[in-house]
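Novice: The structure under discussion is supplied below as structure tokens; questions concerning it will follow.
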Amino acid sequence: MTGFDRSSGSRTVVVIPQWQGSAARDPQRLAKGAYRLSALLPAARRTVVDIDPRPGQDLDGVRHLDVLTRSLEATRAALGRNGDDPLLSVGGDCGIELAPVARAVARHGDNLAVVWFDAHADLNTPDTSPSGGFHGMVLRTLLGQGPSPLVPRPEERLSSRQIVLAGVRALDPAERDFIESERIRALSVQALREPGPLISAVAGTGATHLYIHLDLDVLDPEHFTSLSCPEPEGLHPDQLRAALHALTKRFSLAGMGITEHAPAADSASSDHVLRTILDGVAFE
């Protein structure tokens with residue numbers, strides 16, 4: 001495997017400029033963030049998914065559900081044209097992860113674990129969500145419990161035992177109850193000061209392959225400012241980099257998604273932080 005370095009190798013980056021899953025202020029910044037993030041990552045091939053840039057209809061407790069449904073189909077089609085190799089998907093809101101994670105589950109089944117680096121658990125349903133933003137429902141939908149047009153096929157669904165939450169610190173009450181009832185593995189920011197507990201948690205799933213979801217709001221906003229939903233007391237960039245290095249050295253990577261990049265007018269500092277985090281991380 002090669003890393004996020006100057007050599008693109010055979011890496012394919014899939015750009016998914018979807019913003020309609022977000023309930024944040026000025027969510028269109030996430031579409032711009034997808035393109036900016038993509039430009040930071042060397043790639044042998046780059047696929048841009050054709051996402052409708054317009055708002056959609058709020059249906060069944062979910063904002064812009066009709067657009068999200070069309071975006072999901074477009075993303076599935078784009079992924080299907082890229083063969084079986086691991087893909088790096090960049091967004092966009094966390095809803096872009098539906099098709100990439102489902103693809104990894106279909107390929108690896110019970111041998112797959114998903115590490116969910118995120119300040120939020122994304123385990124709401126339309127009934128429990130306080131905002132109607134799908135980016136707070138995506139992981140629950142991957143478990144088969146979400147808005148019906150977006151729920152993966154049975155062979156593409158995760159089970160609770162395959163999930164490791166990393167750096168989650170802003171939970172809604174229903175999410176907290178669900179994590180406890182399903183006994184989902186969850187590591188606090190404190191537990192991620194060094195990679196050992198995270199490696200142990202993933203090993204405890206019995207998985208051989210790993211999908212990494214990286215919502216950039218897992219980072220502390222004091223150290224990374226290009227965020228649409230910042231939460232205090234997050235990871236230091238060095239801690240995240242160490243975790244990614246350790247994971248990709250220990251497990252075979254089935255794919256990775258980077259989401260919720262919301263660049264401000266002057267994002268040079270954030271660009272530097274991202275390069276530092278991703279440099280040398282084994283991807284292919």
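Bear in mind these aren't lab numbers, they're just calculated from the coordinates by the rules spelled out. Treat the numbers as computed from the prediction; the structure is a model and nothing was measured. Cβ: placed from backbone, ideal geometry, glycine included. Neighbour counts: every protein chain shown.
Novice: Considering the dipole of the chain built from charges on the beta carbon (Lys and Arg +1, Asp and Glu -1) around the Cα centre, which of Tyr211, Trp116, Ser181 is farthest to its positive end?
Specialist: The listed residue farthest towards the positive side: Tyr211.
Novice: Let me ask something additional. If you take the C-alpha gyration tensor of the range 75-145, multiply each eigenvalue by 5 and take the square root, what semi-axes do you get, largest first, in whole Å? Don't jump to the answer; show the numbers that get you there.
Specialist: Numbers: eigenvalues 103, 37, 24 Å².
In descending order the semi-axes read 23, 14, 11 Å.
Novice: In whole Hz, with x marking every Gly and Pro, tabulate ³J(HN,Hα) for the range 209-218 from phi via Karplus 6.51 cos²θ - 1.76 cosθ + 1.60, θ = phi - 60°.
Specialist: Whole-Hz 3J(HN,Hα) from phi for the range 209-218: 10, 9, 10, 10, 9, 10, 8, 5, 6, 5.
Novice: For the chain, with only Lys/Arg (+1) and Asp/Glu (-1) charged at the beta-carbon, what is the dipole magnitude about the Cα centre, in debye rounded to 20? Don't skip to the answer; put the middle values down first.
Specialist: Details: 28 positive and 36 negative charges, 165 e Å.
About 800 debye.
Novice: Let me check against my output: what whole-number percent is the relative contact order of the chain, with C-alpha pairs under 8 Å and at least 6 apart? Walk me through the numbers on the way to the answer.
Specialist: Details: 641 pairs, mean separation 67.4, N = 284.
Relative contact order for the chain comes out at 24 percent.
Novice: When the label point is put 7 Å from the Cα of Glu182 along its Cα-to-beta-carbon vector, which residues of the range 57-76 have a backbone N closer than 20 Å?
Specialist: Under 20 Å, as judged by backbone N against the label point of Glu182, lie 61-63 of the range 57-76.
Novice: Please arrange Arg45, Arg36 by counting, for each residue, the other beta carbons lying within 10 Å of its beta carbon, fewest first. It would help to have the intermediate numbers written out before the result.
Specialist: Values: Arg45 13, Arg36 19.
Ordered from fewest to most neighbouring Cβ atoms within 10 Å, Arg45, Arg36 come out as Arg45, Arg36.
Novice: Once amide H atoms are placed 1.01 Å from N in the peptide plane, what residues at a sequence separation of 5 or more from Leu219, or on another chain, have their amide H within under 5 Å of its amide H?
Specialist: Residues meeting the criterion, in which the H sits 1.01 Å from N, are Leu235.
Novice: Going by how many other beta carbons lie within 10 Å of each one, how would you line up Ile199, Ile163, Ile96, fewest first? Working shown, then result.
Specialist: On the way: Ile199 16, Ile163 25, Ile96 34.
Listing Ile199, Ile163, Ile96 from fewest to most nearby Cβ atoms yields Ile199, Ile163, Ile96.
Novice: Related question: In µm²/s, what is D for the range 114-241 at 37 °C and 0.692 mPa s, where D = kT/(6 pi eta Rh) by Stokes-Einstein and Rh is the Kirkwood radius from Cα pairs?
Specialist: Details: Rh = 15.0 Å.
Answer from the Stokes-Einstein relation: 219 µm²/s.
Novice: For the range 75-115, what ratio Rg/Rh do Cα atoms give with a Kirkwood hydrodynamic radius?
Specialist: In the range 75-115, Rg relative to Rh is 0.94.
Novice: Tell me, Ile258, Ile179 in order of fewest to most beta-carbon neighbours within 10 Å?
Specialist: Working: Ile258 28, Ile179 19.
So the residues, fewest neighbours to most, are Ile179, Ile258.
Novice: Could you state the number of Å between the C-alpha centres of the range 11-61 and the range 216-284?
Specialist: 17 Å
Novice: A follow-up question, please. Can you give the charge dipole size of the range 52-125 about its Cα centre, rounded to the nearest 20 debye, using +1 on the beta carbon of Lys and Arg and -1 on the beta carbon of Asp and Glu? Write down the numbers at each step before the final one.
Specialist: Values: 7 positive and 12 negative charges, 47 e Å.
The dipole of the range 52-125 has a size of about 220 debye.
Novice: While we're here: Which value at 222 nm does the chain reach when only helices count, each DSSP H run of 4 or more adding -39,500 (n - 2.57), with the total divided by all residues and rounded to the nearest 500 deg cm²/dmol? Before the final figure, lay out each step's value.
Specialist: Working: 8 runs with 87 residues, N = 284.
The helix contribution divided over the chain gives -9000 deg cm²/dmol.
Novice: Can you compute the FRET efficiency between Ala264 and Arg54 using 1/(1 + (r/R0)^6), with r the Cβ-Cβ distance and R0 = 25 Å? Round to the nearest 0.05. Don't skip to the answer; put the middle values down first.
Specialist: On the way: r = 24 Å, r/R0 = 0.95.
The value I calculate is 0.60.
Novice: Something else about it: Taking Cα pairs under 8 Å and at least six residues apart, what relative contact order does the range 203-284 come out at, in percent? Spell out each step's value before the answer.
Specialist: Numbers: 107 pairs, mean separation 32.0, N = 82.
Result for the range 203-284 is 39 percent.
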